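Notes to accompany the following structure.
What follows is calculated from the coordinates using simple rules that are stated; it is not laboratory data. Fair warning: this is a prediction, and the values are worked out from it, not measured in the lab. Cβ sites come from the backbone with ideal geometry, for glycine too, and all protein chains shown count toward neighbours.
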Amino acid sequence: MPRAFLIVMDSVGIGGAPDAGLFFNGAVPDTGANTLGHIALACAEGRGEAGRSGPLQMPNLDALGLGAAVRLASGLAAPGFGAMPQGLWGAATEVSNGKDTPSGHWELAGVPVPFDWTYFPDTDPAFPQELLDRVAQLAGAGGTLANAHASGVPVIEEYGERHMQTGWPICYTSADSVFQIAAHEESFGLKRLLDLCEEIAPTLHAMKVGRVIARPFTGQPGSFQRTNNRHDYAMLPPAPTLCDWVRNAGSKVYAVGKIGDIFSGRGISELRKGGGDAGLFEHLMALAGEAEEGSLTFANFVEFDSLYGHRRDVSGYARALEWFDKAVGRFLARLRPGDLAIFTADHGNDPTWTGTDHTRERVPVIGWGLGPRAIGSVAYADVGASVAAHLGVPAEGPGRSFL
């Protein structure tokens, strides 16, 4: 029986979203944002030299059709990407009214979001007082800190010392539909933080806020560091997804990285987490050898987004892309005849763009295992339908197979 590997390069958009003008970073619309294309341009112009040098090099994914996908999506001939595609290639457009993690992943798995998310205003304060009172009550604390839109590292630098003194959790949000709680793993306690987030999550989900995110950190004032023990408490998808389709057909679904969190564990047979993206890739490598016939491996590599996109770090993003492409070469060499591997993304996060938020973009759909195949412009939901078709699993929802 065939196997399938669906691999999300978190935030590696390729520009060209037709509705980008309806999405913003601050007051600036996302029109013209192009995560991969603009990184390639910056590197070719010598603006991505920290820790690496020269044009962006991604020969393995370019050989499958990544450069061709960028040209299809946005019209940009990205420097360093000119290979004749040897794999399946195209570009996908999202219909959900969001540029966030759950929207992108759910729709890739066949289920567009049928409602509008709740976003907290970029004001001071950002949250209703009754929500913060409930957080403080559940935490057994006298109050909360921050109460604003913030980036994760600066907010713990600003409030971490007072948090350790008072035991008050740090509550913040972003342009995504999220409520984030940061707390010190030792002085506050990791289990206490996770329990707090799990207990407050139903309140946020009832408000149509997509995720409550636990953001643990360690260290002392002046040297705080976030840890890999982040946990997302996401709403359940509004309908059965690709993961459910595969499980209901009697096959296994392996989740690598934060996939289990994004789908709230629904449809997941086995979860593999930990070790940052490098550690996650070793899990993916192991599954290339171990995963059962007929199974789906669904993986997310988040550090493009979390470490480099939001921080507008072109060089760091380029280093991560080049590392990933080298690792892809090892992974493809381990796959079996009959396997299908699809590389895609959930949204953009252009590090050359203004602001610090995601950017509304089309995403690549690059495949190994079926030979050269141009699929053109497709829908996000078509990805899930196509993976299901490869596995011989009945699909639901609006997606149509491009296989």
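Miscellaneous remarks
- Links that overshoot a 21 Å alpha carbon limit, given the list Lys191/Lys258; Lys99/Lys191; Lys99/Lys258; Lys99/Lys252: Lys99/Lys191; Lys99/Lys252
- Take the Cα of Ala77, step 7 Å toward its Cβ, do the same at Ala239, and the gap between the two points is 4.2 nm.
- Length-normalised contact order of the range 156-241 in % [C-alpha pairs under 8 Å, at least 6 apart]: 26 percent
- Length-normalised contact order for the range 333-403 - Cα pairs under 8 Å, 6+ apart - percent: 26 percent
- Phi to ³J(HN,Hα) by Karplus 6.51 cos²θ - 1.76 cosθ + 1.60 over the range 44-57, Hz, x for Gly, Pro: 5, 9, x, 9, x, 9, 6, x, 7, 7, x, x, 5, 10
- Mean residue ellipticity, 222 nm, helices only, the chain: the sum of -39500 (n - 2.57) across DSSP H runs of n ≥ 4, divided by residue count and rounded to 500, is -10000 deg cm²/dmol.
- Shape of the range 304-403, Cα gyration tensor, a/c cut at 1.5: oblate
- Asp133 paired with Met285, simple spin-label distance in nm, labels 7 Å along Cα-to-beta-carbon: 5.4 nm
- Length-normalised contact order for the range 38-91 - Cα pairs under 8 Å, 6+ apart - percent: 34 percent
- Rounded, prolate or oblate (a/c below 1.5 giving rounded, otherwise prolate when a/b exceeds b/c) for the range 1-92 by Cα gyration tensor: oblate
- To the nearest ten degrees, helix 190-206 and the longest principal axis of the Cα atoms of the chain are 80 degrees apart.
- In the frame of its principal axes, the range 179-281 has Cα extents of 51, 35, 17 Å, reported largest first.
- Listing Phe224, Phe343 from fewest to most neighbouring C-beta atoms within 10 Å gives Phe224, Phe343.
- Within the listed set Asp116, Asp124, Asp30, the residue fluctuating most in the Gaussian network model of the chain (springs between alpha-carbon atoms under 10 angstrom) is Asp124.
- (i) 20.5, 62; (ii) 22.9, 77; (iii) 21.1, 66, with the label sought being that of the calculated Rg and Dmax of the Cα atoms in Å: (i)
- Distance in nm between pseudo-label sites at Ala50 and Thr203 (7 Å out along the Cβ direction from Cα): 3.8 nm
- Cα pair distances in the range 1-52, grouped into 10 Å bins until the bin that holds the longest one, percent each: 20, 34, 29, 12, 4, 0
- For His231, distant residues with modelled amide H under 5 Å away: Ala214
- Under 5 Å, built H, 5+ apart or other chain: amide partners of Gly48: none
- The three principal axes of the C-alpha atoms in the range 246-358 carry coordinate ranges of 46, 31, 23 Å, sorted with the longest axis first.
- Segment Gln220..Leu22, full-extension length gain: 67.1 nm, with 0.36 nm per residue of separation and the alpha-carbon distance subtracted.
- Angstrom value of the Kirkwood radius, inverse mean 1/r, which spans all Cα pairs in the range 43-137: 17.4 Å
- Contour minus Cα-Cα distance for Arg192 and Ala249 (0.36 nm per residue): 16.7 nm
- Chymotrypsin sites (Phe, Trp or Tyr not before Pro) restricted to DSSP loop in the range 94-157 with at most 15 other C-beta within 10 Å: Phe115
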